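A.B. asks: Let me give you the structure first, and then I'll get to my questions.
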Amino acid sequence: MSKPSPEPFELSELPALARGVIKEAKFPMLASMDGDQPRLRPISPVRTDGYNVYIANLRSYHKTGEIETNPKVELCYLSPDHDQLRITGVAHPLGESEQSLINEIWEENPLLRQYLGMSDNPELIIYRIVAHRVRFMREWALNYHDVPLPIDIG
């Protein structure tokens with residue numbers, strides 16, 4: 001059996017490749033820490049803004065406590081072609097001052113409306129995962145490439 005050879009690409013293509021993996025992978029995996037035990041589960045983002053990803057959660061879920069204790073998380077996307085994208089970041093809950101953003105996300109997501117009834121449901125928590133590092137790996141390449149993050153001019 002011959003050794004697999006990854007499809008080559010130019011480093012200038014990294015941002016487009018990364019966006020492609022995000023678009024193709026419908027259910028990334030979210031890693032968080034439960035004390036000294038890593039926990040991993042599939043999630044369904046409710047919005048993606050560049051490499052910042054928004055996820056909805058219920059306050060009663062175990063991962064809420066995990067993220068509250070240690071907000072450092074990682075998302076791993078796997079495309080149908082087995083390219084990987086890893087987003088390392090920090091999860092920040094959206095607050096009352098961001099209710100207009102919560103309402104926008106609410107309107108864009110019929111499943112939230114179906115299950116939770118109203119955007120100010122006290123059980124609803126939406127996290128913004130702010131990307132600190134983004135890495136891409138082509139299937140079989142066995143090495144990651146850092147994807148340049150946009151410069152935040154604030």
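The values are calculated or read from the model by the stated rules, or taken from the named source; none is laboratory data. Worth saying up front: this structure is predicted, and the values here are computed from it rather than measured. For neighbour counting, all protein chains shown are included, and Cβ atoms are generated from backbone atoms with ideal geometry for every residue, glycine included.
A.B. asks: Can you tell me which residue in region 61-92 is surrounded by the most Cβ atoms within 10 Å (Cβ to Cβ), limited to those that are over 30 Å from Pro4 (Cα atoms) and touching a helix residue (DSSP H, G or I) at 6+ places or on another chain (Cβ under 8 Å)?
C.D. replies: Top of the filtered list is Ala91.
A.B. asks: While we're on this one: Considering (1) farther than 27 Å from Gln99 by Cα; (2) touching a helix residue (DSSP H, G or I) at 6+ places or on another chain (Cβ under 7 Å); (3) modelled with pLDDT under 95, say which one Asn57 fails and leave the rest.
C.D. replies: (1)
A.B. asks: Could you grab me the full set of residues in region 30-50 that are touching a strand residue (DSSP E or B) at 6+ places or on another chain (Cβ under 7 Å), surrounded by fewer than 12 Cβ atoms within 10 Å (Cβ to Cβ) and farther than 15 Å from Gln84 by Cα?
C.D. replies: Answer for region 30-50, where residues must be touching a strand residue (DSSP E or B) at 6+ places or on another chain (Cβ under 7 Å), surrounded by fewer than 12 Cβ atoms within 10 Å (Cβ to Cβ) and farther than 15 Å from Gln84 by Cα: Pro38, Leu40.
A.B. asks: Would you point out the residue of region 10-29, among those that are hydrophobic (A, V, I, L, M, F, W, C) and assigned to a loop (DSSP other than H, G, I, E, B), that is farthest from Pro80 (Cα to Cα)?
C.D. replies: So, considering only residues that are hydrophobic (A, V, I, L, M, F, W, C) and assigned to a loop (DSSP other than H, G, I, E, B), the one farthest from Pro80 (Cα to Cα) is Phe27.
A.B. asks: Within region 127-154, can you find the residues that are modelled with pLDDT under 95, within 29 Å of Asn57 (Cα to Cα) and among the β-branched types (Val, Ile, Thr)?
C.D. replies: Scanning region 127-154 gives a single hit, Ile151.
A.B. asks: Here's something else I'd like to know. Among the residues of region 104-154, write down those that are of a type in the set (Gly, Ala, Ser) and assigned to a loop (DSSP other than H, G, I, E, B).
C.D. replies: Result: Gly117, Ser119, Ala141, Gly154.
A.B. asks: Something else: Residues of region 32-67 being within 16 Å of the chain's Cα centre (by Cα) and among the small types (Gly, Ala, Ser), which ones?
C.D. replies: Of everything in region 32-67, those that are within 16 Å of the chain's Cα centre (by Cα) and among the small types (Gly, Ala, Ser) turn out to be Ser32, Ser44, Gly50, Ala56.
A.B. asks: Residues to consider are Thr69, Thr64; find the one that is within 30 Å of Gly35 (Cβ to Cβ) and in contact with an Asp or Glu (Cβ under 9 Å, 6 or more places away or on another chain).
C.D. replies: When all the criteria are applied, what remains is Thr69.
A.B. asks: Do we have Val147 as surrounded by 16 or more Cβ atoms within 10 Å (Cβ to Cβ), within 17 Å of Leu40 (Cβ to Cβ) and among the aliphatic types (A, V, I, L, M) here?
C.D. replies: Judged against the criteria, Val147 is not a match.
A.B. asks: Can you tell me which residues in region 6-29 are exposed (fewer than 11 other Cβ atoms within 10 Å of the Cβ) and in contact with a Cys (Cβ under 7 Å, 6 or more places away or on another chain)?
C.D. replies: none
A.B. asks: So the check is Cβ under 7 Å with 6+ separation or different chains; which pairs have a first residue in region 108-132 that's within 24 Å of Glu74 (Cα to Cα) and a second one that's among the aromatic types (Phe, Trp, Tyr) and surrounded by 14 or more Cβ atoms within 10 Å (Cβ to Cβ)?
C.D. replies: Once the first residue is within 24 Å of Glu74 (Cα to Cα) and sits in region 108-132, its partners that are among the aromatic types (Phe, Trp, Tyr) and surrounded by 14 or more Cβ atoms within 10 Å (Cβ to Cβ) give Leu112/Trp106; Ile126/Tyr54; Tyr127/Tyr54; Arg128/Tyr54; Ala131/Tyr51.
A.B. asks: Could you list all residues from region 13-66 that are free of Cβ contacts under 8 Å to residues at least 12 places away in the same chain, of a type in the set (Asp, Glu) and under 19 Å from Ile126 (Cβ atoms)?
C.D. replies: Of everything in region 13-66, just one residue is free of Cβ contacts under 8 Å to residues at least 12 places away in the same chain, of a type in the set (Asp, Glu) and under 19 Å from Ile126 (Cβ atoms), namely Asp49.
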